[in-house]
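Everything below concerns the one structure shown next.
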Amino acid sequence: MTQKTELTLLYSLRATLHEMEVALGMSDMTELERTILEYIAFCQKNGQKVVSSELEEQPLFKDISRASIFRALKSLKTSNRVYQETDSIDRRVKYLFPSRDFSQS
């Protein structure tokens, strides 16, 4: 496959992704906010619980500062796109979940 063909396919994927983000009401979010929300939804769908400190350890977020991750997370909570629940055994642990609007997609 030539580089021109690969770039054309990459653009096609980006255009499709953008259409999906608009349909889900995610077009007003930053790229980092979208990626965090997608990661949380992916984990939930696979039966995994996410804590905020875990985000820093993921390959997609390794080059992003801790402050930026937590700012994006705060924005997601403020806009009710993400909520957290306290662990019933260890009250210091807070699990992150996508809001109902996004978790059923």
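Rule-based calculations on the coordinates, nothing more; no lab input. As the structure is a computational prediction, the values presented were derived from the model and not from experiment. For neighbour counting, all protein chains shown are included, and Cβ atoms are generated from backbone atoms with ideal geometry for every residue, glycine included.
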Sorted by Cβ neighbour density within 10 Å, fewest at the top, the residues ASP101, ASP63: ASP63, ASP101
Amide H partners (placed H, <5 Å) of VAL50, local residues excluded: LEU96
Need the list of aspartates and glutamates near LYS49 for cross-linking: C-alpha distance under 13 angstrom, and skip anything on the same chain fewer than eight residues off. GLU85, ASP87
Of ALA41, ALA15, ALA72, the most mobile residue in a GNM of the chain (C-alpha springs, cutoff 10 Å) is ALA15
At a threshold of 8 angstrom on Cα-Cα distance, excluding pairs fewer than six apart, so keeping six or more, what relative contact order does the range 29-103 reach in percent? 36
C-alpha long axis of helix 3-23 to longest principal axis of the chain, angle in °: 50
How big is the chain in terms of Cα radius of gyration and Dmax, in angstroms? 15.6, 55
Residues of type lysines that LYS74 reaches as a straight line, Cα spacing below 17 Å, ignoring anything fewer than 8 places off in the same chain: LYS94
How large is the dipole of the chain about the Cα centre if only Lys and Arg carry +1 and Asp and Glu carry -1, each at its Cβ, rounded to the nearest 20 debye? 260
Select from LYS77, LYS62, LYS94 the residue whose mean-square fluctuation is largest in a Gaussian network model of the chain (Cα-Cα springs shorter than 10 Å). LYS62
Helical mean residue ellipticity (222 nm; -39500 (n - 2.57) per DSSP H run of 4+; nearest 500) of the chain: -16500 deg cm²/dmol
Rounded to whole Hz, the Karplus (6.51, -1.76, 1.60) HN-Hα couplings of the range 40-46, x for glycine and proline: 4, 5, 4, 5, 4, 4, 9
